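Asker: Quick one: this structure, given as structure tokens, is what I'll be asking you about.
Here, each number is a calculation from the coordinates, and none is a lab measurement. Bear in mind the structure is a predicted one, so any value in this text is a computation, not a measurement. Here Cβ is always computed from backbone atoms with ideal geometry, including for glycine, and neighbour counts include all displayed protein chains.
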Protein chains: 2
Amino acid sequence: MKGNSTLKGVSLLAGVILLAAGSAHADQTLRDRANAIFKPVPEEVTEIRGKQVIAEQVELGHKLWFETRLSRSHLISCNTCHNLSIGGGDNVQVSIGHGWQKGPRNNPTVLNAVFNAAQFWDGRAADLKEQAEGPLQAAVEMNNTPERIEETLNSIPEYVDEFTQVFGGDNPVSFDNAAQALAAFETTLITPNAPFDQFLKGDDEALTDLQKKGLGAFMDTGCVACHNGVNLGGQAYFPFGVVKRPGADVLPLEDKGRFAVTSTATDEYVFRASPLRNVALTPPYFHSGEVWDLEQAVAIMGDSQLGRELAPDDIEAITAFLQSLTGDQPQVTLPILPASTAATPRPDDEVITETREALNQ
Amino acid sequence: MKGNSTLKGVSLLAGVILLAAGSAHADQTLRDRANAIFKPVPEEVTEIRGKQVIAEQVELGHKLWFETRLSRSHLISCNTCHNLSIGGGDNVQVSIGHGWQKGPRNNPTVLNAVFNAAQFWDGRAADLKEQAEGPLQAAVEMNNTPERIEETLNSIPEYVDEFTQVFGGDNPVSFDNAAQALAAFETTLITPNAPFDQFLKGDDEALTDLQKKGLGAFMDTGCVACHNGVNLGGQAYFPFGVVKRPGADVLPLEDKGRFAVTSTATDEYVFRASPLRNVALTPPYFHSGEVWDLEQAVAIMGDSQLGRELAPDDIEAITAFLQSLTGDQPQVTLPILPASTAATPRPDDEVITETREALNQ
């Protein structure tokens, strides 16, 4: 009996080892497939498109990020809508800015935006610098002008000194340089070390079994056709409704997406594939911000983009996988900003809507 | 000749030493007078009114300070109007909150508020905790209710855990405890080490000659009757216009100040003497926020409170002295806040003004 039970024990142990080996093998296969499609978020960004990130620009951009005087009202900073405490967005349907006016689209997170091929839902800004120039001027956001921003910065000696040191040249305190500094700071707003990235790098334990199943389903069902690369999206443009157009509640008819940028008929209702890093932190979803539940968003994507009704357990698994995309959030200190002077333009909270062009998300 | 010039040198040196001794003596006299009236900001606040400050409450309050979900819109946090990057206020005439509505009075800084005898311009909140309960509920500020705030916090497991750890008891996640945590955090928002404090502690070089002259004038002309103690104000109530009522541009007739709190005729147009710490960082001035220039504010005070037209060089010197009240600003890290859940009340940006009472500055 004892011999038999020992034999049983050995064979059980062997079975466990075989299972573990099989599981480790399955994990490695999943990892190999995933590594061919995705890339981890790096620990640091040292250059953008071949240009070195300059530490002094980052430092200045850090101040400007929290600088409410970049807005006409002196109440709104970049961080108001791209709130670094809550995933780099604002978690409302559409952003609310100057005069409590609403923007036309849901606010994309600034986190990892440096890895996107272009910025905004319609990709109309080629890079972070061009993007930064938008909200500063948008009537419904910060409602300012390049001239007023330059006048403001020039009225504050500490900024004049710092812009001069950082940029030099004939006209260091420029709107252009302010946007450049903001873009430099944004290269630091990345979220490495997500469980998914740990898995990509070889840690089998970083994902739960459900998340691994979800990763498999994410690849098998075709999500990766649009959501790939380091940001699982943000690289190219696709019609919302590749296969089946969603209802007007989720896809409002009046917002034709990239068509407004290219005036090309085939770009109607075309948007940049959403980057999915930290997606669990940034409800509500889609450019319309109409969907608050991540599982519902996954189901809508299956329906509209892949033309298939995803099984409930696939939706559950894919959603669990998406939860694994939350990385280490950037640790940011609140800067102490230099004081205004008598020459600083006073805050102006008046709502003027007549002429200024909206330059929103 | 050489002997003579040596003698001249010696007598010159003796003169310089005597002058220095005289100046050091004058500085010490000024310091002794000042130390009888004022107190430096301490490096740390370890208790409020006999109650120990609890580190865990401070840590929770740090999160809540930046928690936009304490507002109905999910857009406004304490830091929106009490911006720690710019002196703990908002540097606009009157604060702008929910629905871009304006508050009735200029925003007092949160910095060193722990040292005030009572909070708000009319002193209607006895302490920081009672104060914190105001803006959370004010229709024109965060526009929330205690019930909705408790529902929000209870919907987020990380908050439930932290409130339970910090407060224990039957109902740890309460509006009351949230206000208590905010008050605890605010005890850290102090600004020690201002040049004036360095002078009080014995450093003759900490103030310029003009600032010393200004300190003398501040004491001699009677400013100190109201502006004394650690905060140079914030301790008692006085009519705006002790001697001569300022014009309605600076003192609007409809805001009767402390009268609204006490319903006592003698409290008409009575306000708490403004604390003057960091005053150079917090324009515009007075409860009406009508005056942007600190020299002009000093002149108005001389006229309305002391009944005398201050000489231009006294105004200049007193203003220079007030600049010496800017201390080390608190270094604060932006907290990473826990994510909402399906049970978290959604943001509501609708402007409802009918019933809720305004509980402003």
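Asker: With a Förster radius of 51 Å, plug the Cβ-Cβ distance of B:Val351 and B:Glu205 into 1/(1 + (r/R0)^6) and report the FRET value to the nearest 0.05.
Answerer: Approximately 0.40, to the nearest 0.05.
Asker: OK, next. Express in nm, to one decimal, how much length is gained between A:Leu19 and A:Asp313 on full extension, taking 0.36 nm for each residue of separation and deducting their alpha carbon distance.
Answerer: Full extension of this stretch gives 103.5 nm more.
Asker: Follow-up question, since we're still on this one. Counting other Cβ atoms within 10 Å, which GluC sites (Glu not before Pro) in the stretch A:20-103 have at most 16 and lie in a DSSP loop?
Answerer: A:Glu43, A:Glu44
Asker: How large is the charge dipole for the protein assembly as shown, taken about the Cα centre, if only the Cβ atoms of Lys, Arg (+1) and Asp, Glu (-1) carry charge, to the nearest 20 debye?
Answerer: With Lys and Arg at +1 and Asp and Glu at -1, about 680 debye.
Asker: Another question, if that's okay. Where does helix A:294-306 land angle-wise versus the long Cα axis of chain A, in degrees 0 to 90, nearest 10?
Answerer: 90
Asker: Same structure again: Once the Cα atoms of helix B:312-323 and of chain B are each reduced to a long axis, what angle between those two axes, in degrees from 0 to 90 to the nearest 10, is obtained?
Answerer: 50
Asker: So what's the gap between the Cα centers of the stretch B:71-97 and the stretch A:154-191, to the nearest angstrom?
Answerer: 25
Asker: Now a separate question. For a test of the definition: using alpha carbon positions, the gyration tensor, and the 1.5 limit on a/c, classify the stretch B:241-340 as rounded, prolate or oblate.
Answerer: Verdict is oblate for the stretch B:241-340.
Asker: For the modelled label position 7 Å from the Cα of A:Asn35 along Cα-to-Cβ, which residues of the stretch A:198-221 have backbone nitrogen atoms closer than 14 Å?
Answerer: A:198-204
Asker: Going 7 Å from Cα along the Cα-Cβ axis for the label, what nanometre distances separate A:Gly202 from the same residue across the other copies?
Answerer: With the label placed 7 Å along Cα→Cβ, A:Gly202 yields 6.0 nm.
Asker: Report relative contact order for chain B in percent, whole number only (criteria: Cα-Cα under 8 Å, sequence separation at least 6).
Answerer: 25
Asker: From the label point of A:Glu59, set 7 Å from Cα along Cα→Cβ, how far away are the matching label points in the other copies, in nm, ordered shortest to longest?
Answerer: Reported distances to equivalent positions: 3.1 nm.
Asker: Here's something else I'd like to know. Given a Förster distance of 30 Å, report the FRET efficiency between B:Ala126 and A:Asn193 from their Cβ-Cβ distance, rounded to the nearest 0.05.
Answerer: 0.05
Asker: Based on Cα positions only, what radius of gyration and what Dmax would you give for the protein assembly as shown, in angstroms?
Answerer: 30.2, 124
Asker: Return the long-range amide H neighbours of A:Ile48 (sequence gap of 5 or more, or a different chain), with a cut-off of under 5 Å between placed amide H atoms.
Answerer: Sorted by chain and number, the residues that satisfy this are A:Val53.
Asker: Classify the stretch B:99-151 as rounded, prolate or oblate from the Cα gyration tensor: take a ≥ b ≥ c as the square roots of its eigenvalues, call it rounded if a/c is under 1.5, otherwise prolate when a/b beats b/c and oblate if not.
Answerer: oblate
Asker: Only Cα pairs under 8 Å and at least 6 apart count here; give the relative contact order of the stretch B:174-298 as a rounded whole percent.
Answerer: Computed value for the stretch B:174-298: 18 percent relative contact order.
Asker: From other protein chains only, count the Cβ atoms within 10 Å of every residue's Cβ in A:327-340, then give the mean.
Answerer: 5
Asker: Please compute, for peptide B:96-102, the average count of beta-carbon atoms on other protein chains lying within 10 Å of each residue's beta-carbon.
Answerer: 4
Asker: With a cut-off of 18 Å, note down the residues of the stretch B:224-244 whose backbone N falls inside the zone around a label point 7 Å from the Cα of B:Thr266 toward its beta carbon.
Answerer: From the stretch B:224-244, the list is B:226, B:236-244.
Asker: Let's test the formula: R0 of 25 Å, r as the Cβ-Cβ distance of A:Thr341 and B:Asp303. What FRET efficiency results, to the nearest 0.05?
Answerer: Here the calculated transfer efficiency is 0.50.
Asker: Which order, highest average first, do A:104-111, B:313-320, A:202-209, A:259-266 follow once you tally other Cβ atoms within 10 Å for each residue and take the mean per peptide?
Answerer: My ranking of the peptides, most packed first, is A:104-111, B:313-320, A:202-209, A:259-266.
Asker: Tell me the trypsin sites (Lys or Arg not before Pro) within the stretch B:44-89 that lie in a loop according to DSSP and have at most 16 other beta-carbon atoms within 10 Å.
Answerer: B:Arg49
Asker: For label points placed 7 Å from Cα toward Cβ, what is the shortest-first list of nm distances from B:Gly247 to its copies?
Answerer: 6.1
Asker: Treat each spin label as a single point 7 Å out from the Cα along the C-beta direction, and report the A:Asp328 to B:Lys102 distance in nm.
Answerer: Here the modelled spin labels are 4.7 nm apart.
Asker: If you rotate chain B onto chain A, whose Cβ in B ends up lying nearest the axis, and how many Å away is it?
Answerer: Residue plus distance in Å, as requested: B:Trp100, 2.
Asker: Could you work out how far apart the two model spin labels at A:Thr164 and B:Glu151 are, taking each label as a point 7 Å from the Cα in the direction of the beta carbon, and quote it in nm?
Answerer: 5.6
Asker: Alpha carbons only, please: Rg and Dmax for chain B, in angstrom.
Answerer: Final numbers for Rg and Dmax: 23.8, 95 Å.
Asker: Just the number: Rg to Rh for the stretch A:21-81, Cα atoms, Kirkwood Rh, two decimals.
Answerer: We get a ratio of 1.32 for the stretch A:21-81.
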